[in-house]
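*Asks:* Once you've had a glance at the structure underneath, I'll fire off some questions.
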Amino acid sequence: MSAPVARYVADYHSAKTSSQPQWLTALRENALASFERLGFPTTKLEQWRFTSVAPITEKTFPLATDGLGAVNAGLTDSLSGGAAVAVCVNGRFAPSLSSLSGLPKGVQVLSLEQALISSPALVEPYLAKLAASDAHAFTALNTAFLRDGIVIVVAPHAVVETPLEVVFASVAAGKPTVSHPRLLVVAGEASQAQILERYVGRGATFSNAVTEVWLGAGAVLDHYKVQEEPAEAFHIASMYLHGARNGTFSSHNVTFGGSLVRNDVVAVLDGEGIDCTLNGLYVGRDKQLIDNHTTIDHAMPHCGSHEIYKGILGEQSRAVFNGKIVVRPDAQKTDAKQTNKALLLSDDARPGI
Amino acid sequence: MLEIKNLQVRGGGKDILRGINLTVNTGEVHAIMGPNGSGKSTLARAIAGHPDYEVVAGSITYDGKDLLALAPEDRAREGVFMAFQYPVEIPGVNNAYFLKAAVNAVRKHRGQPELDAMEFMSYVKEKAKILSLDPSLLTRPVNEGFSGGEKKRNEIFQMAVLEPALAVLDETDSGLDIDALKTVADGVNAMRSPTRSTIVVTHYQRLLNYIVPDFVHVLQDGRIVRSGKKDLALQLEEKGYGWLEAEPQLM
């Protein structure tokens, strides 16, 4: 295995975790094996041909430890009004920065580490079942280091009016570190909720995030992701959605920060009548590279998907956009729309392909 | 108004409805509930005359006439309306043009004079106002660029304009958020009248909080296994569809 891969593998073996259920340990070991097998993607791989991850692999990012001390005042302040905010620092739940006492009925927002201890049955059917560790090295890496994160469970038929905000702060006190933010959302049948997922930070950290969303039958979920990490940070994120029949899902992915950013959104529409909206906005400056890859799998008939991605690129920034839509046999009456537009503010900015 | 006797329907090579008996009197609102695959939408489509389904036995009498003998467009002319589960987009045909053609087809069938463009526009703007719909909807192509909720609202708008005698709403609430659900329900309630019968096909009880039915029927495996009043829907929500498998009462 290459030297960069070996460094992460070594960190896996020396990382200490509290005792976890056997099924999770097995998941993590399989994920590590996948990561070792796949290695970091190179530009010879179709899905990465415009985005070299050398700026990440040529650096050493030790696994971040507790970074609470390095969080400056205001970094994790709520954007949504503060009624329901779960904050993680370097991937670890930070109760002192969170505000979860006034959660409305019908929704649970827990630290993943806590959920694995107190109610593993809540999490086991869903955790790491969507995230494709065998095909995506960064996802495999995140799963290998799975320890903490946030779990949001919306009860069937619950209508949650308060936006649920999750803030992942990546902070480096000294040397830049890597953290693996993890979010699991389970929206029960016919439930309704809004989720705001935010990434903030300090220093040239590397955030390797994975979000899994299970959309129940007839559920309505509005999801927003806002990434405002520092311009020198690295951000690789994958979101996996599984939709059940008649579900309605919208996701708005906004990227401001990061010198190298890659967003993968994979949505599997596994029931009839699902409506899936994937929107994105990206703003690039200096030498930022922002890569958005989406995959929408119309596995069943009568589903609709809509994607609008817009970019504003200035100075020497670059963007990549790749939207794949798969229509399976017998997925009759599939309606899929996709648009990507970029506004170039300089002669050197380069929009996506 | 509507009498269904021993209706048996096949679709996609399978027996779906295995003997439905249902009577809907004028002015009544009946809810049809059931688990996925029970045949609820098939029943709605069989009433409307969907060509993908084959009636192998039974009868449907509508206002004294043999409904099954009529082509779908003739059923529509006779006052049958269906709000589709998956409304289609018709780019290039605007809502006003589409509705005027439908309204005049019904009027012609009844021997009434057809409405001209101006009469129609004032008629339809009144209807848009009753449903609190933005009249600019009328110049947009049918359902083009509409969200799921907007498409369902447009189906109810079409119902309001066509003023059917029998309205069949096929899973009108599926995929809607709570605000869109209330708007759709308000529209249906605005159309309730002693001269109109409504069949509401739904999976969830929640819609029936807003569109309160006179009767609730539960379908399972192509048969009505229980009928009751609106509290039946509440019991179902509480206990789940599995409850009926334990205590079926075949009708």
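The values are calculated or read from the model by the stated rules, or taken from the named source; none is laboratory data. These numbers were taken from a predicted model, which means no experiment stands behind them. Cβ sites come from the backbone with ideal geometry, for glycine too, and all protein chains shown count toward neighbours.
*Asks:* Go through the range A:222-242 and give me each residue that's without any contact (Cβ under 8 Å) to a residue 60 or more places away in the chain and either closer than 22 Å to A:THR139 by Cβ or within 14 Å of chain B (Cβ to nearest Cβ) (or both).
*Replies:* A:ASP222, A:HIS223, A:TYR224, A:LYS225, A:GLN227, A:GLU229, A:HIS235, A:ALA237, A:MET239
*Asks:* Closer than 23 Å to A:SER191 by Cα and either modelled with pLDDT of 90 or more or among the aliphatic types (A, V, I, L, M) (or both), is that true of B:GLN158?
*Replies:* So B:GLN158 fails the test.
*Asks:* For the range B:170-178, indicate whether the set of residues that are modelled with pLDDT of 90 or more, more than 12 Å from every other protein chain (Cβ to nearest Cβ) and surrounded by 15 or more Cβ atoms within 10 Å (Cβ to Cβ) is non-empty.
*Replies:* Let us first name the residues in the range B:170-178 that are modelled with pLDDT of 90 or more, namely B:170-173, B:176-178.
Remaining after also requiring more than 12 Å from every other protein chain (Cβ to nearest Cβ): none.
Looking through the range B:170-178, none of the residues is modelled with pLDDT of 90 or more, more than 12 Å from every other protein chain (Cβ to nearest Cβ) and surrounded by 15 or more Cβ atoms within 10 Å (Cβ to Cβ).
*Asks:* Right, here's the next one. So which of A:THR42, A:THR17 ends up being of a type in the set (S, T, N, Q) and more than 20 Å from A:SER179 (Cβ to Cβ)?
*Replies:* Step by step, each of A:THR42, A:THR17 is checked, and only A:THR42 is of a type in the set (S, T, N, Q) and more than 20 Å from A:SER179 (Cβ to Cβ).
*Asks:* Here is a follow-up. Determine which single condition A:CYS276 fails, assuming it passes every other condition in (1) within 14 Å of chain B (Cβ to nearest Cβ); (2) of a type in the set (A, V, I, L, M, F, W, C); (3) under 25 Å from A:LEU343 (Cβ atoms).
*Replies:* Only one criterion is unmet by A:CYS276, namely (3).
*Asks:* Just a yes or no: is a residue in the range A:301-311 β-branched (Val, Ile, Thr), in contact with a Ser or Thr (Cβ under 7 Å, 6 or more places away or on another chain) and more than 14 Å from chain B (Cβ to nearest Cβ)?
*Replies:* Kept after step one, since they are β-branched (Val, Ile, Thr), are these residues of the range A:301-311: A:308.
Then drop every residue that is not in contact with a Ser or Thr (Cβ under 7 Å, 6 or more places away or on another chain), which leaves A:308.
Applying the additional criterion that residues be more than 14 Å from chain B (Cβ to nearest Cβ) yields none.
Checking the range A:301-311: not a single residue is β-branched (Val, Ile, Thr), in contact with a Ser or Thr (Cβ under 7 Å, 6 or more places away or on another chain) and more than 14 Å from chain B (Cβ to nearest Cβ).
*Asks:* I've got another one for you. Any idea which residue in the range B:185-225 is farthest from A:GLN192 (Cα to Cα), counting only those that are under 15 Å from the mean Cα position of the chain (by Cα) and within 14 Å of chain A (Cβ to nearest Cβ)?
*Replies:* B:VAL201
*Asks:* Now for a different question. Could you list all residues from the range B:67-94 that are over 19 Å from the mean Cα position of the chain (by Cα) and away from every other protein chain (no Cβ under 14 Å)?
*Replies:* B:ALA69, B:GLY92, B:VAL93, B:ASN94
*Asks:* In addition: Just to be sure before I move on: is B:SER147 more than 30 Å from B:ASP63 (Cβ to Cβ), at pLDDT below 90 and either more than 14 Å from every other protein chain (Cβ to nearest Cβ) or buried (at least 21 other Cβ atoms within 10 Å of the Cβ) (or both) in the structure I sent?
*Replies:* no
*Asks:* Working only within the range A:171-194, note down all residues that are among the small types (Gly, Ala, Ser) and in contact with a strand residue (DSSP E or B) (Cβ under 8 Å, 6 or more places away or on another chain).
*Replies:* A:ALA172, A:SER179, A:ALA187, A:GLY188, A:SER191, A:ALA193
*Asks:* Please report, ordered by residue number, the strands (runs of 3 or more DSSP E) entirely within the range B:1-115 with at least 1 residues that are exposed (fewer than 14 other Cβ atoms within 10 Å of the Cβ).
*Replies:* Ranges flagged: B:2-11, B:14-24, B:53-62, B:90-94.
*Asks:* May I ask you to list the residues in the range B:193-224 that are among the acidic types (Asp, Glu) and either without any contact (Cβ under 8 Å) to a residue 24 or more places away in the chain or touching a Gly at 6+ places or on another chain (Cβ under 8 Å) (or both)?
*Replies:* B:ASP221
*Asks:* Given (1) at pLDDT 95 or above; (2) away from chain B (no Cβ under 14 Å), identify the lone condition not met by A:ALA204.
*Replies:* A:ALA204 satisfies all of (1) at pLDDT 95 or above; (2) away from chain B (no Cβ under 14 Å) except (1).
*Asks:* Oh, and also: Among the numbered criteria (1) surrounded by fewer than 20 Cβ atoms within 10 Å (Cβ to Cβ); (2) modelled with pLDDT under 95; (3) within 16 Å of A:LEU24 (Cα to Cα); (4) not hydroxyl-bearing (Ser, Thr, Tyr), which one does A:PRO125 miss?
*Replies:* Result: A:PRO125 passes all but (2).
Okay, residues lined up against (1) farther than 24 Å from A:VAL171 by Cα; (2) modelled with pLDDT under 95; (3) in contact with a helix residue (DSSP H, G or I) (Cβ under 8 Å, 6 or more places away or on another chain):
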position	(1), (2), (3)
A:VAL210	no, no, yes
A:VAL213	yes, no, no
A:LYS225	no, no, no
A:PHE234	no, no, yes
A:HIS242	yes, no, no
A:THR248	yes, no, yes
A:SER251	yes, no, no
A:PHE256	no, no, no
A:SER259	no, no, yes
